[in-house]
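Visitor: Take this structure, written in structure tokens, and hold onto it; I'll ask about it next.
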Amino acid sequence: MIQQILGPVSITAIFVTVPLSICVQSQVGSPSKMRLAFIESVSVGVSASDQATTPDERSSAIFVFHTDEFWLNLHHFLYVLGRAENKERDRAREAVAGAAADQERGFKKLSAKEQEIWREAVTSYAAGVSKRDLVFDDSLPAVTGALARAGDARSLNESEIDRTIATILERAAPVYRKAWWNQHRDANRNWQESIQAFIDRHGAPVLAFITNAYKLEWPAAGFPVHVSGYTNWAGAYSTTGNLLVMSSQSSGLQGLYGFETVFHEGMHQWDGQILEALRQQAIKLNKFFPKGLNHSLIFFTAGEAVRSVVPDHVPYAEKNGIWQRGLGSMKAALEETWKPYLEGHGTRDEAFAGLIVRTAVEPPKKTSKQAPGLLLSLGGAATGSCTQFNYSVDLTKADELMIVTASAITPPASGLIRSWRVCSLYPQPLKVWAVGGRQTTYFSAEEIIKLWGISQQP
């Protein structure tokens, strides 16, 4: 669930940020912001006719797995337990539902004092980190990346993460190491060994299928995959900086489904390029495509890629009812226009155009009156590939338009943000989060200017 041209939404509050190729998956029971779900700078301007040349046999790895990252595993375990303590709705999802019972089993190995230290850490996460999204909150992917780099270091003194989080983790670390780490690390290693066997046998043809379909290059050194006992509600996510994270203990990500999902997460790193290619076709057709189209493409393509080497494989989306959760029309469109392309008929961008025609939604309605609190003062200037907007927006009321930078999802204490800078090789797609309806839609800088009357002065 990543950037897409707007479909109709009901907006009570909006965030505008520089989007990521992420994502992560939307919360529809998928293995990966949206998606979703669907947070990094993206390279755009992909030529529809570009042909990716990926050999059937690679001399380097397709994925590079990291199974022994102590701090990353501790962070994720506290994160899901904090969400359980907060009684978040996603605490019951399969990938995280067993965390509370896992915690109770570990308590049997701990003294009363150690249990107290651990509960304090969970409560601290519940009050802060666990209230945020691992993918969409701009600060957390950076934390995840830093913890991955820390590996199994003795402390986080050399890490660049926020000291408040580091202090919580360092205090909980001896307790985690005593009660849970060996079990989680063994699960990580066993999962990696299982998935690597599928990659050794089927990885090259699946990769050739995917890169040929998308006409994009897989990184020469492969994608790093960080394996953790727990991750988030989805069991897997992909976000900024080629950061792919997979849960080793999710029953839904074992065997062929873990194999399919690791490719699925890798494909999310192309979200920026694919969404820009879709947007170019939509512009030519003068149509708007719906939220979720890109993610549906990933579900369908990854599933068909695995089915091409294991004919009786039931793709993840079919097995888990993804298409029945509001994506049924997209599945029909994919069968009609994308599958023939996968079978060798037509070009990628012809298939994209067909998908857009088949799934087109009504354009957003432009309201006659200005949105509450919108741009009290505004001016803009373009410098090179960057666009600078200057404005004053009151962010203190929940029903007002909220425009923030990628590094500041949380508004400053003053409630005012006065400048917004967007840089890209092409007018950058911007993420617009409609908080009230929990929907995500996307505009280009040009569309932001047009829809809300923002003047841009060269």
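Read the figures in this text as sums done on the coordinates, not as results from a lab. Computed from a predicted structure; not experimentally measured. All Cβ positions, glycine included, derive from the backbone under ideal geometry; neighbour counts span all protein chains shown.
Visitor: Going down the table (Lys215/Lys287; Lys284/Lys331; Lys284/Lys319; Lys291/Lys319; Lys287/Lys339), which pairs top 25 Å between alpha carbons?
Guide: Where the Cα-Cα span goes over 25 Å, the pairs concerned are Lys284/Lys319.
Visitor: Looking at the stretch 171-291, what % of its DSSP beta bridges pair antiparallel, to the nearest 5?
Guide: 50 percent
Visitor: How high is the relative contact order of the stretch 178-332, in percent, counting Cα pairs under 8 Å that sit 6 or more residues apart?
Guide: Working: 153 pairs, mean separation 33.3, N = 155.
Once divided by the residue count of the stretch 178-332, the mean separation gives 22 percent.
Visitor: Another question about this same structure. Remind me, relative contact order of the stretch 74-208 in percent, using alpha carbon pairs under 8 angstrom and six or more residues apart?
Guide: For the stretch 74-208, the relative contact order is 30 percent.
Visitor: Sort 244-253, 151-160, 289-298 for me by packing, meaning the mean count of neighbouring Cβ atoms within 10 Å per residue, highest on top.
Guide: 289-298, 244-253, 151-160
Visitor: Could you sort 350-358, 313-321, 110-118 so that the peptide with the highest average Cβ count within 10 Å comes first and the rest follow in order?
Guide: Ranked from most to least packed, the peptides come out as 350-358, 313-321, 110-118.
Visitor: Still on this structure, please answer the following. Would you mind pulling out the separation of the Cα centroids of the stretch 61-137 and the stretch 273-322, in Å?
Guide: Taking the Cα centre of the stretch 273-322 as reference, the centre of the stretch 61-137 is 31 Å away.
Visitor: Near Lys87, within a Cβ-to-Cβ distance under 14 Å, what is the net charge of the other residues, with Lys and Arg +1 and Asp and Glu -1? List each step's numbers first, then the result.
Guide: Values: positive: Arg83, Arg89, Arg91, Arg93, Lys131; negative: Glu85, Glu88, Asp90.
Summing Lys and Arg as +1 and Asp and Glu as -1 gives +2.
Visitor: Counting only DSSP beta bridges with both residues in the stretch 212-273, what percent are antiparallel, rounded to the nearest 5?
Guide: Roughly 50 percent of the DSSP beta bridges within the stretch 212-273 come out antiparallel.
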